[in-house]
1. A:Ser25 versus (1) open to solvent by 40 Å² or more (accessible area, probe 1.4 Å); (2) more than 13 Å from chain B (Cβ to nearest Cβ); (3) over 22 Å from A:Cys78 (Cα atoms): which is the lone unmet condition?
2. Just wondering, is there one or more residues in the range A:96-103 that are within 10 Å of another protein chain (Cβ to nearest Cβ), closer than 30 Å to A:Asp6 by Cα, crowded, with 20+ Cβ neighbours inside 10 Å and free of Cβ contacts under 8 Å to residues at least 40 places away in the same chain?
3. Taking A:Arg27 as the residue in question, decide whether it is basic (Lys, Arg) and within 17 Å of A:Asp81 (Cβ to Cβ).
4. Restricting to the range A:34-48, name every residue that is open to solvent by less than 30 Å² (accessible area, probe 1.4 Å), at the interface with chain B (Cβ under 10 Å from one of its Cβ atoms) and either β-branched (Val, Ile, Thr) or within 11 Å of the chain's Cα centre (by Cα) (or both).
5. Scan the range A:113-133 residue by residue and report those that are open to solvent by less than 40 Å² (accessible area, probe 1.4 Å) and farther than 23 Å from A:Arg60 by Cα.
6. What residue, among those in the range A:69-92 that are surrounded by 19 or more Cβ atoms within 10 Å (Cβ to Cβ) and away from every other protein chain (no Cβ under 12 Å), is nearest to B:Thr97 (Cα to Cα)?
7. Quickly run through the range A:121-133 and pick out the residues that are more than 18 Å from B:Thr82 (Cβ to Cβ) and either in a loop (DSSP other than H, G, I, E, B) or at pLDDT 95 or above (or both).
8. Starting from residues that are of a type in the set (A, V, I, L, M, F, W, C) and either out of contact with any Phe, Trp or Tyr (no Cβ under 7 Å at 6 or more places or on another chain) or open to solvent by 40 Å² or more (accessible area, probe 1.4 Å) (or both), keep the ones in the range B:50-68 and report whichever is nearest to A:Ile113 (Cα to Cα).
Number of protein chains: 2
Amino acid sequence: MPDYLDAVRWDERGLVPAIAQDAASGRVLMMAWMNRDALAATVAEGVAVYWSRSRGRLWRKGERSGHTQQVRAVRLDCDGDTVLLSVEQTGGIACHTGRERCFFLRYDNGEWIADEPVLRDPDAIYPGGSGHE
Amino acid sequence: MPDYLDAVRWDERGLVPAIAQDAASGRVLMMAWMNRDALAATVAEGVAVYWSRSRGRLWRKGERSGHTQQVRAVRLDCDGDTVLLSVEQTGGIACHTGRERCFFLRYDNGEWIADEPVLRDPDAIYPGGSGHE
């Protein structure tokens with residue numbers, strides 16, 4: 001494994017959080033997890049590859065939806081335990097709900113309010129099955 | 001506990017990642033962790049309060065450095081397991097290394113390169129002791 005992977009402080013599960021930020025708008029799109037293979041694949045392929053905890057396998061973002069993320073920069077924080085990706089979001093939709101991004105809930109007076117629009121019906125994004133990619 | 005805290009999917013340690021983004025520039029400054037008390041305090045006080053895993057206590061960001069974060073918005077993602085803060089960063093320095101932000105390492109050809117400047121000597125930020133707040 002290359003040294004750059006050893007510089008990452010993987011947690012007890014072998015994972016780190018990876019934040020995806022839109023390279024053009026600066027909007028924070030989503031947070032997912034990476035293991036060593038996911039980060040190595042992201043760097044090698046230039047597209048965001050995460051580790052799906054629910055499915056226990058590598059998850060090439062957009063593999064079902066087509067909403068891939070072209071990676072323009074990969075950053076690491078001071079403690080080596082969080083990755084920040086600068087991405088171009090294909091289709092302008094990062095969230096499985098059909099919204100631009102996953103952070104569409106805003107705290108307001110004791111509640112979480114969905115204040116960002118659904119851009120595309122999830123049933124059209126994921127025909128034959130709802131939910132995540 | 002208010003309902004909004006129950007809507008968060010706390011992990012097995014009772015924590016969620018919290019991303020701090022500069023409200024003006026859109027730069028992603030840092031990622032830290034919150035437990036229920038940290039999120040409740042952040043909402044109540046309007047300043048970023050995290051859970052320090054290393055010290056096992058609430059950590060009011062800037063408690064030693066003065067580099068507090070005034071919180072302009074609190075967001076939650078679709079899965080309820082990641083928080084996004086929009087903040088005004090006092091002093092323009094979020095990182096304990098004296099840099100604007102913690103994500104100052106950029107992947108370049110197999111290495112992590114520090115490509116953002118130290119704005120203030122950490123020894124001046126934390127007199128009498130190095131490192132984190």
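The values are calculated or read from the model by the stated rules, or taken from the named source; none is laboratory data. Since this is a predicted model, take the numbers as computed values, not measurements. With ideal geometry, Cβ positions are generated from the backbone for all residues, glycine too; neighbour counts draw on all protein chains shown. What goes into the accessible areas is simple: the full protein's heavy atoms, side chains included, and nothing from ligands, DNA or RNA. Shrake-Rupley method; radii C 1.70, N 1.55, O 1.52, S 1.80 Å.
1. If we test A:Ser25 against (1) open to solvent by 40 Å² or more (accessible area, probe 1.4 Å); (2) more than 13 Å from chain B (Cβ to nearest Cβ); (3) over 22 Å from A:Cys78 (Cα atoms), just (2) comes out false.
2. No, every residue in the range A:96-103 fails to be within 10 Å of another protein chain (Cβ to nearest Cβ), closer than 30 Å to A:Asp6 by Cα, crowded, with 20+ Cβ neighbours inside 10 Å and free of Cβ contacts under 8 Å to residues at least 40 places away in the same chain.
3. No.
4. Result: A:Thr42, single match.
5. A:Glu116
6. Here the answer is A:Val87.
7. Of everything in the range A:121-133, those that are more than 18 Å from B:Thr82 (Cβ to Cβ) and either in a loop (DSSP other than H, G, I, E, B) or at pLDDT 95 or above (or both) turn out to be A:Asp121, A:Tyr126, A:Pro127, A:Gly128, A:Gly129, A:Ser130.
8. B:Trp51
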